[in-house]
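Data first, discussion second: the structure below is written as structure tokens.
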Amino acid sequence: TTIIRDRGITLNGERADIVMPSLVIDMEKVFESYLRTVLRTHLSNYSGQMAVLDGTTSGPGGARKLLFDEAPSSDAEPDIVIQDTTSGDAEKSIPIVMDAKYKPIRRLPDRADINQVIAYAASYRSPTVIIAHPSMPGTFHGFRRFGQIGKLQLHQYGFNLGAENLEEEEQAFAAAIGELLR
């Protein structure tokens with residue numbers, strides 16, 4: 001709370017034995033969780049039959065699965081899995097898989113990131129993948145399709161975490177994803 005309230009710590013004196021605990025925040029995990037929360041909050045306005053799941057966990061609310069159809073296999077762990085809860089067809093039940101990258105992307109996502117989401121799309125039988133990342137001044141902001149492989153659509157979303165109106169930014173993000181689901 002010291003940082004949030006714009007307070008600081010001043011150390012006076014010559015003693016060098018002041019010990020303070022460290023705080024490490026995994027901003028990549030925070031960003032992933034934030035985007036899932038935004039979609040869970042706002043996506044129902046666009047499609048009430050969709051569940052926003054965490055592909056990095058198993059169990060309730062999770063969607064982690066084997067990457068391959070059979071063992072041995074490592075896990076597929078996309079950050080966000082959007083599931084159509086009304087679809088009885090397993091091939092159509094995951095319309096979107098998304099991976100969040102907490103790094104600025106100037107133009108197109110890195111090739112390794114593209115390869116990763118293509119593998120997730122194949123594993124989940126998803127026709128659409130999205131790479132989401134924070135946008136910074138001079139980097140891509142908004143939503144666009146950047147490629148297609150057969151029926152697979154590849155998109156990216158640059159989310160402006162520094163927007164003057166963060167609520168509008170959240171709504172724009174959910175609206176872009178909602179349009180893909182229609």
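The values are calculated or read from the model by the stated rules, or taken from the named source; none is laboratory data. Since we're looking at a predicted model, the values are computed, not measured. Positions of Cβ are generated from backbone atoms using ideal geometry, with glycine treated the same way; all protein chains shown enter the neighbour counts. These area figures cover heavy atoms from the full protein model, side chains too; ligands, DNA and RNA do not enter into them. Shrake-Rupley method; radii C 1.70, N 1.55, O 1.52, S 1.80 Å.
Residues in the range 132-143 that are over 15 Å from the mean Cα position of the chain (by Cα) and either at pLDDT 95 or above or polar (S, T, N, Q) (or both): 139 alone. Looking only at residues that are assigned to a helix (DSSP H, G or I) and among the hydroxyl-bearing types (Ser, Thr, Tyr) in the range 103-131, which one is farthest from the chain's Cα centre (by Cα)? Ranking the qualifying residues of the range 103-131, first place goes to 123. Taking each residue of the range 162-182 that is under 11 Å from residue 43 (Cβ atoms) and looking for partners that are polar (S, T, N, Q) and loosely packed, with under 13 Cβ neighbours inside 10 Å with beta-carbon atoms closer than 6 Å, six or more apart or interchain, yields nothing. If we scan the range 132-146, do we find a residue that is surrounded by 19 or more Cβ atoms within 10 Å (Cβ to Cβ), in a loop (DSSP other than H, G, I, E, B), in contact with a His (Cβ under 7 Å, 6 or more places away or on another chain) and without any contact (Cβ under 8 Å) to a residue 60 or more places away in the chain? Yes - at least one qualifying residue is present in the range 132-146.
Residue 149 - would you say it is touching a Leu at 6+ places or on another chain (Cβ under 8 Å) and in contact (Cβ under 8 Å) with a residue 12 or more places away in the chain? Considered against the rule, which asks whether it is touching a Leu at 6+ places or on another chain (Cβ under 8 Å) and in contact (Cβ under 8 Å) with a residue 12 or more places away in the chain, residue 149 comes out as no.
Among the residues making up the range 93-127, those that are under 16 Å from residue 64 (Cβ atoms) and of a type in the set (D, E, K, R) are 99, 125.
Taken over the range 82-131, the criterion of being open to solvent by less than 10 Å² (accessible area, probe 1.4 Å) and in contact (Cβ under 8 Å) with a residue 60 or more places away in the chain is satisfied by 82, 96, 98, 100.
Take the residues of the range 62-92 that are modelled with pLDDT of 90 or more and of a type in the set (Gly, Ala, Ser): which is farthest from residue 177 (Cα to Cα)? By that ranking, first place goes to 71. One residue alone among 2, 41, 37 is open to solvent by less than 100 Å² (accessible area, probe 1.4 Å), among the hydroxyl-bearing types (Ser, Thr, Tyr) and at pLDDT below 70, and that residue is 2.
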